[in-house]
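Engineer: After the structure tokens below, expect a handful of questions from me.
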Amino acid sequence: MGPIMLDVLGTSLTAEDKELLEHPLVGGLILFTRNFESVEQLSDLNLQIRKTAGKDILIAVDHEGGRVQRFRDGFSLIPAMGSLLTKTQHDFNIAKELAQHCGYVMATEVQACNIDISFAPVLDVNGISEVIGDRSFDSQPEPIIHLANAFIDGMHLAGMKATGKHFPGHGSVQADSHIALPIDPREKSEIESFDILPFKHLIKANKIDALMPAHIIFPEIDNESVGFSSYWLQDILRKQLGFEGVIFSDDLSMEGASCVGGYVERAEAAQQAGCDMLLLCNNREGCISVIDKANIEINKASNQRIERLLKHTNTKFSQLQQDIKWQESRQFIEKYS
């Protein structure tokens, strides 16, 4: 599979979309709200994407719940993860149950439209970040570990692989990496004893199938932004934490990625640092320039990791049991809405 994940322009494929999907460097596609009109249209679009690509292709979406839920009409409204404890009056056992139901409903509905993964859950510890906020489960690592674990259990029960983000944590910087380059001046010891804990514990528990690094520079640790840093991705994530899953770059069109140059330089730097798949979103000209000019390659080890994401987790339910479980989970979520 190719290492590029791109987007398409609308609710159906243009001639240019089709040409790009056929390119051997393209192995993934991410969907946005602009690609959605109805459940039926979305399902048909994804069938057309797979047919046009003529090869295995990983289709993804950001569908976390709360304010980051790309599809709404015909989909259950998933609450923001940061509201789960409040909704259950801080009954931690009920909050974990609610998290699992949210993960199950989200994954079931997304997969029903022929989408492989949602980039979820958010494992950032909520602090001062403008872009994280209630996307995070909590302001402390310990509740996040347990609530995210339950959410992932729900995803896995539905057959979907989990992607943790934004490694090693985006919650303690105020700047939004979509429009700025955040810099976190804290010492490595503070990151290791706080922000990184949800990632560390869930990796150790074999719950995380993929990870997305943050576009943040931690100058006391490394001068490169995390997604372009072989120290962060290879030394810490792969070697120290023992992570063996897929590493997705965060969107390379974000302002936080501009620290390494233009689109071509960003793609090359991200792959060289250790990203398996490169997200090139909302910049068609930049995407074409990467395909035409960047020195990137199809990597066998990356391929094997990405292909594992296409093999959905086995669910123990029959179709009837899945429908019953979905209804039960929806009712549980609505009870605490």
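The values are calculated or read from the model by the stated rules, or taken from the named source; none is laboratory data. This one's a predicted model, so the numbers in the text were calculated from it and none came from an experiment. Neighbour counts are summed over all protein chains in view; Cβ atoms, including those assigned to glycine, are modelled from backbone coordinates with ideal geometry. Surface areas here come from the heavy atoms of the whole protein model, side chains and all, with no ligands, DNA or RNA. Shrake-Rupley method; radii C 1.70, N 1.55, O 1.52, S 1.80 Å.
Engineer: For K96, only one of the following conditions fails: (1) basic (K, R); (2) out of contact with any Asp or Glu (no Cβ under 8 Å at 6 or more places or on another chain); (3) not in a helix (DSSP H, G or I). What is its number?
Structural biologist: Every listed condition holds for K96 apart from (3).
Engineer: Output the residue which, of all residues in region 151-186 that are in a loop (DSSP other than H, G, I, E, B), under 21 Å from A210 (Cα atoms) and among the small types (G, A, S), is modelled with the highest pLDDT.
Structural biologist: Restricting to residues being in a loop (DSSP other than H, G, I, E, B), under 21 Å from A210 (Cα atoms) and among the small types (G, A, S), the top hit is A162.
Engineer: S189 - would you say it is of a type in the set (S, T, Y) and not in a loop (DSSP other than H, G, I, E, B)?
Structural biologist: Judged against the criteria, S189 is a match.
Engineer: Still on this structure, please answer the following. Out of everything in region 61-78 that is under 23 Å from L310 (Cα atoms) and without any contact (Cβ under 8 Å) to a residue 60 or more places away in the chain, what residue ends up being most open to solvent (accessible area, probe 1.4 Å)?
Structural biologist: Checking each candidate, the answer is R70.
Engineer: On to the next question. Mind checking which residues of region 12-27 are β-branched (V, I, T), closer than 19 Å to L279 by Cβ and more than 23 Å from the chain's Cα centre (by Cα)?
Structural biologist: Within region 12-27, none qualify.
Engineer: In region 184-202, is there at least one residue being open to solvent by 60 Å² or more (accessible area, probe 1.4 Å) and either on the phi > 0 side of the Ramachandran plot or in contact (Cβ under 8 Å) with a residue 40 or more places away in the chain (or both)?
Structural biologist: yes
Engineer: I would also like to ask the following. Within region 16-74, considering only strands (runs of 3 or more DSSP E) that don't extend past its boundaries, which have at least 1 residues that are over 26 Å from Q271 (Cβ atoms)?
Structural biologist: 63-65
Engineer: Ok, one more. Within region 61-84, restricting attention to residues that are hydrophobic (A, V, I, L, M, F, W, C) and in contact with a Gly (Cβ under 7 Å, 6 or more places away or on another chain), which residue is nearest to W326 (Cα to Cα)?
Structural biologist: Only one residue tops the list, namely I78.
Engineer: For region 114-148, which residues satisfy the criterion of being of a type outside the set (K, R), open to solvent by less than 40 Å² (accessible area, probe 1.4 Å) and not in a loop (DSSP other than H, G, I, E, B)?
Structural biologist: If the condition is that a residue be of a type outside the set (K, R), open to solvent by less than 40 Å² (accessible area, probe 1.4 Å) and not in a loop (DSSP other than H, G, I, E, B), then I117, S118, V122, G133, P141, P143, I144, I145, L147, A148 are the ones that fit.
Engineer: Among the residues of region 30-47 satisfying the criterion of being surrounded by 15 or more Cβ atoms within 10 Å (Cβ to Cβ) and touching a Cys at 6+ places or on another chain (Cβ under 7 Å), which is farthest from L280 (Cα to Cα)?
Structural biologist: In this case the residue turns out to be V39.
Engineer: Now for a separate question. Considering region 294-337 alone, what residues qualify as being in contact with a Phe, Trp or Tyr (Cβ under 9 Å, 6 or more places away or on another chain) and within 30 Å of S253 (Cα to Cα)?
Structural biologist: Selection gives A294 alone.
Engineer: Looking at D7, D56, which one is open to solvent by less than 70 Å² (accessible area, probe 1.4 Å), closer than 25 Å to D250 by Cβ, acidic (D, E) and touching a helix residue (DSSP H, G or I) at 6+ places or on another chain (Cβ under 9 Å)?
Structural biologist: D7
Engineer: Okay, next question. Any idea which of A112, A120 is small (G, A, S) and more than 17 Å from the chain's Cα centre (by Cα)?
Structural biologist: Checking each option against the conditions leaves just A112.
Per-residue answers, yes or no, for (1) modelled with pLDDT under 95; (2) touching a strand residue (DSSP E or B) at 6+ places or on another chain (Cβ under 6 Å); (3) not small (G, A, S):
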| site | (1), (2), (3) |
| --- | --- |
| M1 | yes, yes, yes |
| I4 | no, yes, yes |
| G10 | no, no, no |
| L21 | no, no, yes |
| L25 | no, yes, yes |
| G28 | no, yes, no |
| N35 | no, no, yes |
| T52 | no, no, yes |
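Engineer: Which residue is most open to solvent (accessible area, probe 1.4 Å), if the candidates are limited to region 81-95 and must be out of contact with any Ser or Thr (no Cβ under 9 Å at 6 or more places or on another chain) and touching a residue at least 12 places away in the same chain (Cβ under 8 Å)?
Structural biologist: Only one residue fits best here, namely F92.
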